[in-house]
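Participant: Next up is a structure, given as structure tokens.
The values are calculated or read from the model by the stated rules, or taken from the named source; none is laboratory data. Computed from a predicted structure; not experimentally measured. All Cβ positions, even for glycine, are placed from backbone atoms using ideal geometry, and neighbour counts span all protein chains on display.
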Amino acid sequence: MNYSFWEKYFIAQDTDITIIGSGIVGLSTAISIKESAPHMSVKILERGSAPYGASTKNAGFSCFGSVSELLHDINLMGESSCMEVVEMRWKGLKILRNRVGDEALEYKHVGGTELFRKNDVILQQKCFDNIIYCNELIEKYLGLTSCYSIKKNDGLDRFEGRSIYNQYEGTINPVSMMNALKKRCNDLNINIFYGVEVEDIDVTEKNIKTKHEVIIPYQKLIVCTNGFTKSLFPSLEVIPARNQVLITKPLKNLSLPSAYHLDEGYVYFRQYHDRILLGGGRNLDIQGETTVDFGNTPAIQTYLSAILDEIYPGASAQIDYWWSGILGIGPSKYPLIQWMDEDVLVGVRLGGMGVAIGSYLGEVLALKVVTSFDKER
Ligand SMILES: Cc1cc2nc3c(=O)[nH]c(=O)nc-3n(C[C@H](O)[C@H](O)[C@H](O)COP(=O)(O)OP(=O)(O)OC[C@H]3O[C@@H](n4cnc5c(N)ncnc54)[C@H](O)[C@@H]3O)c2cc1C
């Protein structure tokens, strides 16, 4: 990259708040800052020529948790912590839908369906036994009644005949979502600089060194790099997790009326127009998928192709396209919100439901930084 004086000056110009990463969290944080403090200047630095992580590569489920995921997370984190995170997801979805609008999101209120394999009898029974308990929790924390119910599967004969339906979930188009957020940033005079990869943050000098040797000073810095955060802060507990996804060519008489997941959320699929989108399977090769490298592997492709044939016999011969994305996970499902010093705030580790939690996290980060700015003035 050979910057001109004008470009270099523009990128490095003094800005109140600098954000690294233009995924859903970076954009939402910038928007929330400008909505609450319009006088503040905000810029975003993004290494890709477009967002290059998870936000434009995901499956577009607007979900907040299935019964098996809730039970898993209650076991991991305890009931109130688990539900706090579920509540964050629900609040995030509400912010996103209000901010962008359902039409621009291509939001479809199809509900979420948790399927079980025929040999998953123990998991299925455990989930069925806990539906009332999970409904009580959802009502207590989210104020939503009768969230989960047992439903008969129509057409998915290779899976257990009864599944669990979440009536409050849906699907979106992730690129439409990001385009709408970018447009909102533009309307709010938030500059997004693409192709700017941050290599180092000097907290003493309060500046950022980029791959192309531009030094960018900052006043307050928010790091929204999710699965890629360790290259900037190796000590933080955020682990990259690749997810591989496929989409088929248009299929005849396809009818998948919901957004489906199985294996405690590790595998997910939905219909997009007359195609099947199917992804996940990271549980097959946890070690191999713990990577920041994009790509597809024969083992997971074979695994997902076999599941695809269970959904729609013969569809594995009709795969149109494969891709992957990188999300950020860790020992807890809580997003990691941490001050690295008084001017550098990190907001990462969104797990597999970042479409939901992303806008909420943006509000939290914005509030923290705007408040810290105000205190110093
Ligand atoms: C395949 C897949 C399917 C998914 N499906 C769903 C789903 O259906 N529903 C759901 O809710 N969630 C889903 N998720 C998770 C969700 O997409 C993420 O949690 C969410 O997008 C994370 O947003 P983010 O802004 O934190 O991170 P990202 O979108 O990854 O954004 C981080 C940005 O930081 C940039 N960056 C990184 N390092 C640097 C650097 N050094 N300098 C400059 N820029 C940098 C990256 O290029 C990237 O654009 C899925 C994820 C994947 C990968």
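Participant: Tell me which residues, restricted to segment 3-48, are modelled with pLDDT of 95 or more and of a type in the set (Ser, Thr, Tyr).
Facilitator: Result: THR15, THR18, SER22, SER28, THR29, SER32, SER36, SER41.
Participant: Another question, then. Enumerate the pairs (first residue in segment 36-64 and in a loop (DSSP other than H, G, I, E, B); second residue anywhere and acidic (Asp, Glu) and within 9 Å of the ligand (Cβ to nearest atom)) with beta-carbon separation below 8 Å, excluding pairs fewer than 6 apart on the same chain, so at least 6 apart or on different chains.
Facilitator: Filtered contacts from segment 36-64: ARG47/GLU197; TYR52/GLU46.
Participant: A further question on this structure: If the Cβ limit is 6 Å and pairs must be 6+ apart or interchain, which residue in segment 243-260 that is of a type in the set (A, V, I, L, M, F, W, C) pairs with which residue that is surrounded by fewer than 13 Cβ atoms within 10 Å (Cβ to Cβ)?
Facilitator: That search, which allows pairs on different chains as well, returns ILE247/ASP320; ILE247/TYR321.
Participant: With the condition kept exactly as written, say whether any residue in segment 76-88 is touching a Cys at 6+ places or on another chain (Cβ under 9 Å) and more than 14 Å from the ligand (Cβ to nearest atom). If you could, list the steps in order and put the result at the bottom.
Facilitator: Step one: filter segment 76-88 for residues touching a Cys at 6+ places or on another chain (Cβ under 9 Å), giving 76.
Still in the list and also more than 14 Å from the ligand (Cβ to nearest atom): 76.
Checking segment 76-88: at least one residue is touching a Cys at 6+ places or on another chain (Cβ under 9 Å) and more than 14 Å from the ligand (Cβ to nearest atom).
Participant: I've got another one for you. Could you grab me the full set of residues in segment 6-55 that are within 30 Å of HIS273 (Cβ to Cβ) and surrounded by fewer than 19 Cβ atoms within 10 Å (Cβ to Cβ)?
Facilitator: Quick first cut of segment 6-55, residues within 30 Å of HIS273 (Cβ to Cβ) only: 22-28, 31, 46, 48-55.
Scanning segment 6-55 gives GLY48, SER49, ALA50.
Participant: Name the residues in segment 328-348 that are within 22 Å of GLU169 (Cβ to Cβ) and either surrounded by fewer than 24 Cβ atoms within 10 Å (Cβ to Cβ) or of a type in the set (D, E, K, R) (or both), would you?
Facilitator: Listed by number, the residues that qualify are ILE329, LYS333, TYR334.
Participant: Write out, first by first residue and then by second, each pair whose Cβ atoms fall under 9 Å of each other, whose residues are 6+ apart or on separate chains, and whose first residue, in segment 337-354, is assigned to a loop (DSSP other than H, G, I, E, B) while the second is more than 8 Å from the ligand (Cβ to nearest atom) and acidic (Asp, Glu).
Facilitator: That search, which allows pairs on different chains as well, returns GLU342/GLU376; ARG349/GLU237.
Participant: Then there's this: Would you check if there is a residue in segment 23-39 being more than 26 Å from the chain's Cα centre (by Cα), more than 15 Å from the ligand (Cβ to nearest atom) and either of a type in the set (A, V, I, L, M) or not assigned by TED's automatic domain parsing to the domain that holds ILE150 (or both)? Write out each step before concluding.
Facilitator: First, the residues of segment 23-39 that are more than 26 Å from the chain's Cα centre (by Cα): 38-39.
Applying the additional criterion that residues be more than 15 Å from the ligand (Cβ to nearest atom) yields 38-39.
Retained after the next criterion (residues that are either of a type in the set (A, V, I, L, M) or not assigned by TED's automatic domain parsing to the domain that holds ILE150 (or both)): 38-39.
Yes, because at least one residue in segment 23-39 is more than 26 Å from the chain's Cα centre (by Cα), more than 15 Å from the ligand (Cβ to nearest atom) and either of a type in the set (A, V, I, L, M) or not assigned by TED's automatic domain parsing to the domain that holds ILE150 (or both).
Participant: Can you name the condition, by its number, that ASN130 falls short on among (1) of a type outside the set (Ser, Thr, Tyr); (2) away from the ligand (no atom under 13 Å from the Cβ); (3) in contact with a Cys (Cβ under 6 Å, 6 or more places away or on another chain)?
Facilitator: All conditions are met except number (3).
Participant: Here's another thing I want to ask about it. Given the conditions (1) touching a strand residue (DSSP E or B) at 6+ places or on another chain (Cβ under 6 Å); (2) buried (at least 16 other Cβ atoms within 10 Å of the Cβ), report the number of the one that SER316 does not fulfil.
Facilitator: (1)
Participant: Now a separate question. Is it the case, given these coordinates, that VAL67 is touching a strand residue (DSSP E or B) at 6+ places or on another chain (Cβ under 7 Å) and within 27 Å of ILE150 (Cα to Cα)? Working first, answer last.
Facilitator: Details: touching a strand residue (DSSP E or B) at 6+ places or on another chain (Cβ under 7 Å): yes; within 27 Å of ILE150 (Cα to Cα): yes.
In short, yes.
Participant: What single numbered condition from (1) near the ligand (Cβ under 10 Å from one of its atoms); (2) in contact with a Lys or Arg (Cβ under 9 Å, 6 or more places away or on another chain) fails to hold for PRO250?
Facilitator: (1)
Participant: Restricting attention to segment 269-282, does a residue exist that is of a type in the set (Gly, Ala, Ser), out of contact with any Leu (no Cβ under 6 Å at 6 or more places or on another chain) and within 19 Å of ARG117 (Cβ to Cβ)? Break it down stepwise before answering.
Facilitator: Start the filter on segment 269-282 by keeping residues that are of a type in the set (Gly, Ala, Ser), which leaves 279-281.
In the following step, the residues that additionally are out of contact with any Leu (no Cβ under 6 Å at 6 or more places or on another chain) were identified as 279-280.
Subsequent filtering for residues that are within 19 Å of ARG117 (Cβ to Cβ) retains 279-280.
Yes: segment 269-282 contains one or more residues that are of a type in the set (Gly, Ala, Ser), out of contact with any Leu (no Cβ under 6 Å at 6 or more places or on another chain) and within 19 Å of ARG117 (Cβ to Cβ).
Participant: Give segment 327-371 a look and list any residue that's hydrophobic (A, V, I, L, M, F, W, C), in contact with a Phe, Trp or Tyr (Cβ under 9 Å, 6 or more places away or on another chain) and either more than 8 Å from the ligand (Cβ to nearest atom) or assigned by TED's automatic domain parsing to the domain that holds ASP293 (or both), or say none.
Facilitator: MET340, VAL344, LEU345, VAL346
Participant: Residues of segment 14-34 being under 14 Å from PHE193 (Cβ atoms) and part of a helix (DSSP H, G or I), which ones?
Facilitator: GLY26, LEU27, ALA30
Participant: Checking the condition more than 6 Å from the ligand (Cβ to nearest atom) and within 30 Å of GLY295 (Cα to Cα), which residue from THR15, THR56 passes? Show your work before the answer.
Facilitator: Values: THR15 fails: within 30 Å of GLY295 (Cα to Cα).
Criteria check complete, one pass: THR56.
Participant: Of everything in segment 56-75 that's in contact with a Cys (Cβ under 8 Å, 6 or more places away or on another chain) and not polar (S, T, N, Q), which residue is surrounded by the most Cβ atoms within 10 Å (Cβ to Cβ)?
Facilitator: Ranking the qualifying residues of segment 56-75, first place goes to VAL67.
Participant: Looking at this structure, is GLU289 acidic (Asp, Glu), surrounded by 15 or more Cβ atoms within 10 Å (Cβ to Cβ), assigned to a loop (DSSP other than H, G, I, E, B) and in contact (Cβ under 8 Å) with a residue 12 or more places away in the chain?
Facilitator: Yes.
Participant: Additional query: Only one residue in LYS368, LYS333 is within 14 Å of the chain's Cα centre (by Cα) and touching a residue at least 24 places away in the same chain (Cβ under 8 Å), so which one is that?
Facilitator: Numbers: LYS368 fails: within 14 Å of the chain's Cα centre (by Cα).
So the residue among LYS368, LYS333 that is within 14 Å of the chain's Cα centre (by Cα) and touching a residue at least 24 places away in the same chain (Cβ under 8 Å) is LYS333.
Participant: In this structure, is VAL121 farther than 22 Å from GLY328 by Cα, surrounded by fewer than 20 Cβ atoms within 10 Å (Cβ to Cβ) and within 13 Å of the ligand (Cβ to nearest atom)?
Facilitator: Details: farther than 22 Å from GLY328 by Cα: yes; surrounded by fewer than 20 Cβ atoms within 10 Å (Cβ to Cβ): yes; within 13 Å of the ligand (Cβ to nearest atom): no.
Spelling it out, it is not the case that VAL121 is farther than 22 Å from GLY328 by Cα, surrounded by fewer than 20 Cβ atoms within 10 Å (Cβ to Cβ) and within 13 Å of the ligand (Cβ to nearest atom).
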